[in-house]
Structures are given as C-alpha cells and as structure tokens.
Amino acid sequence: MPTLYALKPAFQGRLRPLVNRLAAIGVTANSITILAALMSIAAGTAIAILHEWRSLLLLVPVVMFVRMALNAVDGMLAREHGQASTLGMYLNEICDVVSDLALILPFAAFPEFSPWGVIAFALTAVLTEFAGVLGIAAGIGRNYAGPFGKSDRALGVVAVLCAAGLWPASIAPLVFPAMATLSLLTAINRIRAGLIGNAS
C-alpha cells in the first residue's frame, strides 16, 4: 500500500497548475503560509466558542487536509518560483505551531476530555516540533521521526469520534494524556537522533 510520502509527488503534480497561476498573479508563499494559520485559528475559535455544536469538530480534519494542500502550495511557490526566504522559513515553522495549538486547545472545552491532558498534549506537540526543527542545527536536517510524528492525523480521528459521540466515558479522559506521552517520546527520539548525528 503506498504511503502518503509516496503519493506526495502525484499530489504536487495536481497542484502545480494552480501554483503556477498563483505565482503569475503575484501570490506569495508567505501569504499562503499565513492564510493556512488564519484558517486554523478561525476554525479553532469557532469550535471553542460554539462547543455545544459538536458537528463543528468535523472542521478539524477538513482544515488539516486543506492545510496540507496549502503547505504543499507554499513550498512549491518557494522552491519553484524563487520565493524561498529566511522570513518564509520562520513563518512556516511558527505558523505550523500556532495552527496546531489553535486546533488542539479547543478540545479542553469538551467535558469528556481532561483539560490538563489537552494542555499537556499541546505543550508536548510544540516540544516535538521544536525538537524536529533543532535537527537542522544538529546537522541531521529537519527530523520527522516518530512514534508520534504525525499527531495531527490522530487529532483528526479524535475530532471525528467526538463529533459522533463515540468515545466511551471510561476512555475519553485518557485520550489526550496518552497522546501527550507519545508526543514526549517522539521529542526524546528526535533529540536522541540529533545527539547521535553530532557524535558521528
């Protein structure tokens, strides 16, 4: 079965005509990066304020998919249209973290989940991203290693199950603490990889 990484070139190929049109009319990679963050913030704010409407949680996987497409678009604009910049690098990393927090923290408003567990997961998710970025300084490149390297996908599953009311009451309080633990292990693995890379 092909992985998402194996499908990435085909996905980018489908986006390339759109990317070329955006570049032609002057759209920048940085503006796409900011747009993706604003979209996540808007969705997270709506979910937090209107948490009685559980169906809004379905915005989480939708926003994550659109973000994935926008991340591909801004990357292609940067690489293929000469828009790569130091500012873009900072925006890309900071906006990703802000977007993740905007979609994670609203889960604290739902009574079946532990608010402290949600906060712990938010903090460890940031730590995991930070440890991955530091791989560049450690000389091994941006590190995407796991075991919880793609926590956003798990968050999307949690959102769908919560919207459908399918979380057993006995399990729900453990969901975010478990994801926080896996994120912490992921951060440790990324740090260890950097240390090994420096030592070799």
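The values are calculated or read from the model by the stated rules, or taken from the named source; none is laboratory data. Fair warning: this is a prediction, and the values are worked out from it, not measured in the lab. Every residue, glycine among them, receives a Cβ derived from its backbone with ideal geometry; neighbour counts consider all protein chains shown. Note: accessible area is taken over every heavy atom of the protein model, side chains too, but ligands, DNA and RNA are not part of it. Shrake-Rupley method; radii C 1.70, N 1.55, O 1.52, S 1.80 Å.
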Q: Could you work out the mean projected area of the convex hull around the alpha carbons of region 1-138, in square nanometres to one decimal?
A: 10.3
Q) Using a simple spin-label model with points 7 Å from Cα along the Cα→Cβ vector, what separation in nm is obtained for ALA69 and LYS8? A) 1.9
Q. Of all the accessible heavy-atom surface of the chain, with the other protein chains kept in place and a 1.4 Å probe, what percent is carbon and sulfur?
A. 73
Q.
For region 36-130, what does the accessible surface come to per residue with a 1.4 Å probe? Please give it in Å².
A. 48
**Q.** Residue among ASN30, PHE130, SER114 farthest towards the positive dipole end of the chain, charges placed on Cβ
**A.** ASN30
Q. Under a point spin-label approximation (7 Å from Cα along Cα-to-Cβ), what is the ARG192-TRP116 distance to one decimal in nm?
A. 2.8
Q: Return the distance in nm (one decimal) between the two label points of a simple spin-label model at ALA42 and LEU18, each offset 7 Å from Cα along Cα→Cβ.
A: 1.5
Q | region 129-156 versus region 16-78: alpha-carbon centroid distance in Å | A | 20
Q) Using unit Cβ charges (K, R positive; D, E negative) and no other charged atoms, how large, in debye to the nearest 20, is the dipole of region 1-107 about its Cα centre? A) 380
Q: Restrict the search to region 62-147; then list the chymotrypsin sites (Phe, Trp or Tyr not before Pro) that DSSP places in a loop and that have at most 14 other Cβ atoms within 10 Å of their Cβ.
A: TYR144
Q. Which whole-number percent gives the relative contact order of the chain, counting Cα pairs below 8 Å spaced six or more residues apart?
A. 25
Q.
Multiplying the sequence separation of SER170 and ILE34 by 0.36 nm and subtracting their Cα-Cα distance, what value in nm do you get?
A. 45.1 nm
